[in-house]
Amino acid sequence: MQKIKMLFIVLFILVGCTTKGSSRLRVGVIQFGDFASLNDVEAGLELELEGLDIDVIIKSAQGESANVQTIATQFVDDKVDLIVAITTQAAQSAAAVSNGEIPVVFAAVSDPKSAGVMGLDFVTGVSDAAPLEAQFDLIEELTPNVKSIGVLFKTGDPNGIYQTERIQAVGAQRGYEVVVKGAMEVSDLSISATSLAEQVDAFYLITDGLIVGNTGVIVEEAKRAGIPSYASEDGQLEYGVLASNSISYKDIGKQVGVIVKRILLDKESPKDIDIEVANKTYPQISREIADMFELEVPEPLKQYLFE
């Protein structure tokens, strides 16, 4: 009997040691909603972490602000090893709730400084600030008759405000009139889009949550007014946008994955990892929409046409 007891003790110790030694790292991902660009970030992240002893736990806020805070709190309570926060609001919530206890790596935050997630020792990430010079190059080459551009944004959203201010600045430098109009919710977005479409030659769609989530509504209003729409990223093209010189959100996800590995596997501190930006762009032009507006696509740009 004594030998049997000793055997159970030994087995318990061995099983305990094995479990501890094989425990996997856990990364909690706050996904704001089911948007193409955000899904691409998630896909790029998972691709970069594939095959590693890291469990990626994804929780979606379903586009609801209140859910973001709840998810962030759950991840902290569950003591995950790192939080990946996709979008500005997710980054702000994760940073506030973590309060330095858990590293936070953000993605798709256009202006980390105004969002309050820059300069924190436990936070780093990848910004999705759009390469506006490249965007305006495309607008100028594809639609040289466009002289005024309309931009919609969510009122009070620091991400949208930052993007709008940058577009106004770069647009002014390039000789464009940029007209901006805010909207608080989906209910007044259509009205704002209709009003703005009567004042400009084209729309430029930014990547704040309200605009990305309702791209189709805005584009339809633009079409009714007979003007084309450009977009910050290629996930919006499926809704009838004419063109985009887009960053790749999947590439951003991969960049985030590399940072996650540096923190969890290489034991680097987030404070020693500079915030990165996405620099490479991918021009894309919808042949269908170009034909609809009877545009003559310049020869150098024809390689970017897609069906």
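The values are calculated or read from the model by the stated rules, or taken from the named source; none is laboratory data. Because the structure is predicted, anything quoted here is derived from the model rather than measured. Glycine also receives a Cβ, built like all others from the backbone with ideal geometry; neighbour counts cover every protein chain displayed. Side chains included, ligands, DNA and RNA excluded: accessible areas come from the protein's heavy atoms. Shrake-Rupley method; radii C 1.70, N 1.55, O 1.52, S 1.80 Å.
Among beta bridges from DSSP that stay inside segment 152-307, the antiparallel ones total about 30%. Site pair Lys267 and Asp55 shows an inter-label distance of 2.4 nm when each label is modelled 7 Å from Cα along Cα→Cβ. Per-atom-type breakdown for segment 246-307 gives carbon and sulfur 45% of the accessible area (1.4 Å probe, protein chains only). Counting only Cβ charges, +1 for Lys and Arg and -1 for Asp and Glu, the dipole size of the chain around its Cα centre is about 1400 debye. Could you give the C-alpha radius of gyration of segment 101-188 expressed as a fraction of 2.2 N^0.38 Å, taking N as the number of residues it contains? Against the compact-globule rule of thumb, the ratio is 1.30. Put simply, the amide H of Val84, placed in the peptide plane, has neighbours under 5 Å in Gly28, Val29, Ile30, Val105, leaving out anything fewer than 5 places away on its chain.
As an exercise, take the mean of 1/r over every pair of distinct alpha carbons in segment 190-258, invert it, and state the Kirkwood radius in angstroms. If you can, show how the numbers build up before the last one.
Values: mean 1/r = 0.0796 Å⁻¹.
When all Cα pairs of segment 190-258 are included, the Kirkwood radius is 12.6 Å.
Within the same chain, aspartates and glutamates fewer than 8 places from Lys147 are excluded, and of the rest, those with a Cα less than 20 Å from its Cα are Glu133, Asp137, Glu165, Glu177, Glu198, Asp201, Glu221, Glu294, Glu296.
If I take all pairs of Cα atoms in the chain, what percentage of them are more than 23 Å from each other?
Distances greater than 23 Å cover 58 percent of the Cα pairs.
Rounded to whole numbers, the Karplus 3J(HN,Hα) couplings from phi for segment 268-280 are 7, 8, x, 5, 9, 10, 5, 5, 9, 10, 9, 9, 6 Hz, using 6.51 cos²θ - 1.76 cosθ + 1.60 with θ = phi - 60°, and x at Gly and Pro. Nonpolar atom fraction for segment 36-108, defined as the carbon and sulfur part of the 1.4 Å probe accessible area, stands at 41 percent. Residue-wise HN-Hα couplings along segment 28-40, as the Karplus relation 6.51 cos²θ - 1.76 cosθ + 1.60 with θ = phi - 60° gives them from phi, are x, 10, 8, 9, 5, x, 8, 10, 4, 5, 5, 5, 5 Hz; Gly and Pro carry x.
Here's how it looks for Phe203: its modeled amide H is under 5 Å from those of Gly150, Ser229, Tyr230, which are all 5 or more places away or on a different chain. Solvent-accessible surface of the chain, averaged per residue with a 1.4 angstrom probe and all protein chains in place: 47 square angstrom.
Looking at the chain alone, DSSP beta bridges between its own residues are antiparallel in about 10 percent of cases.
Each peptide among 144-156, 221-233, 81-93 gets the average number of other Cβ atoms lying within 10 Å of its residues, and from highest to lowest they stand as 81-93, 221-233, 144-156.
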